[in-house]
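Here, each number is a calculation from the coordinates, and none is a lab measurement. Small disclaimer: the values here were computed from a predicted structure and weren't measured. Backbone-built Cβ (ideal geometry, glycine too); neighbour counts: all protein chains shown.
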Amino acid sequence: MGIVGATLAVLALALAGIAGSQSPADAAASAPPAGAGAAPGSGSTNIASPTPAPPVEPTIQVANSDSARTTARGTATPGATLRILDPVHPASSLCPDFVVPADGTWSCRITVTSGAGQRLTVRDVKNTSLADVQSPTFSVLTPPVFATASGLAKGARVSGIAYPRAGVVATVTAAKTGTAVQIKAVADSTGAWQATLPASTVPSGSYVATATQSSAAIPDVPVSSASSAISITIDREAPRPRASSTPSPTPRCRRSLSSSTARAKRATPSPPTSTAIRSAPPSSTTAAGVARRPVSSFRPAPAPCRQLSAIPPATTGPRPPARR
């Protein structure tokens, strides 16, 4: 028993030395968490989950554009549903309602019209407590539109619709040579414009035409992008007269027609039958006592003018021998 007791005493001293060498941090890490294993109702409290962040107002920006299609972009609360209000129809959206991605940034393609100092409004339709937000001002100048259809350009002219009072530059490129000619025009107060293509630089042929515009009323966009191209044909050659398929009457027939027409104007209308004869009364006599002969009022109508056939030209060569 003495040996066993001495051995246990040595082991106890060794364990005490190991426990004394442990750092306070290691002891805290090895200690069980507070409240662990506590019975319900023992008065211990659980850690509460974090409170979600409140929604933030969205933002919107639109850059100046030289075409009708551009991009609106901004930021908003992740998961929010946004709507870009249409300036003409506020109840509708310029792009379908969309959900903001997790990173809180968004963008969508929209269609706009020409004008300076425009604004767009974004609305958070999910977080209705947030107010609508407007974008900073931006300007748009869209390309002009051709009213002239592809095909033959009548009068060697092209026309279309642009921004009111804008300057229009029509570029006409030859289909064969690729030579380009620019013709300038000015739109009226309604936006209508027209340009005549000069014969010296745009002769007859096939061409491809585009147009751009610029306006002093929209200084932030110096010039618009090019319009959709049209294919036109210029024909400056005078039309040839068509040959008549009906031969004209010969001089002889024309004389007959003129004389018969004159006689018809002077003649008294004849009775419906050609045998009607108006005779003098039987008792009519002349001063010498001689009975008058019946006088007929019927005059035969002139023979109709017949189209004379062309006389074949005389043939050249030896004459046939005369008959004896």
Once the convex hull of the alpha carbons of region 145-234 is built, what does its volume come to per residue, in cubic angstrom?
84 Å³
Residue separation between VAL99 and SER204 times 0.36 nm, minus their alpha-carbon distance, gives in nm 32.2 nm
Mean Cα-pair separation over length for region 145-234, i.e. relative contact order, pairs under 8 Å, 6 or more apart, %:
34 percent
Over region 61-140, what portion of Cα pair distances is larger than 19 Å, expressed as a whole percent?
31 percent
What aspartates and glutamates sit close enough to LYS176 to cross-link, taking a C-alpha to C-alpha distance under 20 Å and skipping anything fewer than 8 places away on the same chain?
ASP235, GLU237
With the 8 Å Cα cutoff and a minimum separation of six or more residues, region 61-140 has a relative contact order in percent of 37 percent
Neighbour-limited loop hits for trypsin sites (Lys or Arg not before Pro), region 156-250 (at most 16 other Cβ within 10 Å; DSSP other than H, G, I, E, B)
ARG165, LYS176, ARG236, ARG242
